[in-house]
Amino acid sequence: MLIIETIPMLRREIRRWHQEGKRIAFVPTMGNLHDGHMTLVDTAKAQADVVIVSIFVNPMQFDREDDLVNYPRTLQEDYEKLSRRNVELVFAPNANEMYPNGFGANHTFVDVPAYSQILEGASRPGHFRGVTTVVSKLFNLIQPDLVYFGEKDFQQLHIIRHMIADMAYDMTLVSVPIARDKNGLALSSRNHLLSAKEKKIAPLLNKVMQCMAEKLKNGEREPEQLIEWASVRLREEGFIPDELFICDAENLKPLTEQSQKAVILMAARLGQIRLIDNQQVDLTH
């Protein structure tokens, strides 16, 4: 397994694989890899000749300095996990390599404002712009045939899909279902930061979401009432609700009578840790 930290070295390997006609798969990550990431890697391995994984804690997408500082970094363990999966290349640049001229307001960025400034983006200005900027740069460097994203970050996935279409990237986006632990908690790099008590409480986020989904399936169409009910339930269990949305899964807009699929988007803090989850709901039955 190659471990590369610089753009020139990365380009050299990419050029060679393209010349050899290899089918390249790319899995972008911020490291601290868990079984959810490994599902992405395994899916990529089954569909391509070469799998490239990036590990980069992107400072441009953090809206809180403490989140950036406290984000778990486990580089050596990540390398070992990827090596066992026979990944061909890991690209692990530092911030100076990715942003040699900085990343402030006066620097180049990529944005999908129709979707990056609504829902979660409304309360985290610049977050999704940071995501699309770094992902776009990685796409340009790696030029993959296939790219893999988990469905846990539903709005992010929606934004990346539109960016690929708008920028005419010649690649296929493969979305992979949310990986969960045995209690239904969505796997996250932050989960291990939960205390023992918080780990027992955390799966209730998914249970509340499942109750919301059942109510939608049974014909309830008042998102505000469902969100208020969920907020009360989460607070009773010790969560601080951060973001709760119910919208059309196809366009992230409010539900209408024509909506065929809804998505519940949830984010809540448990102690110092922000947990996210989502659930799509078929409204046609």
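Brief remarks follow.
- Only one of the listed residues (L234, L226) is more than 15 Å from L283 (Cα to Cα), free of Cβ contacts under 8 Å to residues at least 24 places away in the same chain and surrounded by 17 or more Cβ atoms within 10 Å (Cβ to Cβ). That residue is L226.
- Residues of segment 48-70 classified as assigned to a loop (DSSP other than H, G, I, E, B), touching a residue at least 12 places away in the same chain (Cβ under 8 Å) and surrounded by fewer than 22 Cβ atoms within 10 Å (Cβ to Cβ), total: 6
- Residue count for segment 208-220 satisfying the condition of being assigned to a helix (DSSP H, G or I) and either more than 21 Å from the chain's Cα centre (by Cα) or modelled with pLDDT under 95 (or both): 8.
- Within segment 71-91, the set of residues being surrounded by fewer than 18 Cβ atoms within 10 Å (Cβ to Cβ) and of a type outside the set (K, R) comprises Y71, P72, T74, L75, Q76, E77, E80, S83, N86.
- Counted residues, segment 12-39 - those being of a type in the set (D, E) and either closer than 18 Å to V176 by Cβ or not assigned by the TED database to the domain that holds T74 (or both): 1
The values are calculated or read from the model by the stated rules, or taken from the named source; none is laboratory data. Because the structure is predicted, anything quoted here is derived from the model rather than measured. Backbone-built Cβ (ideal geometry, glycine too); neighbour counts: all protein chains shown.
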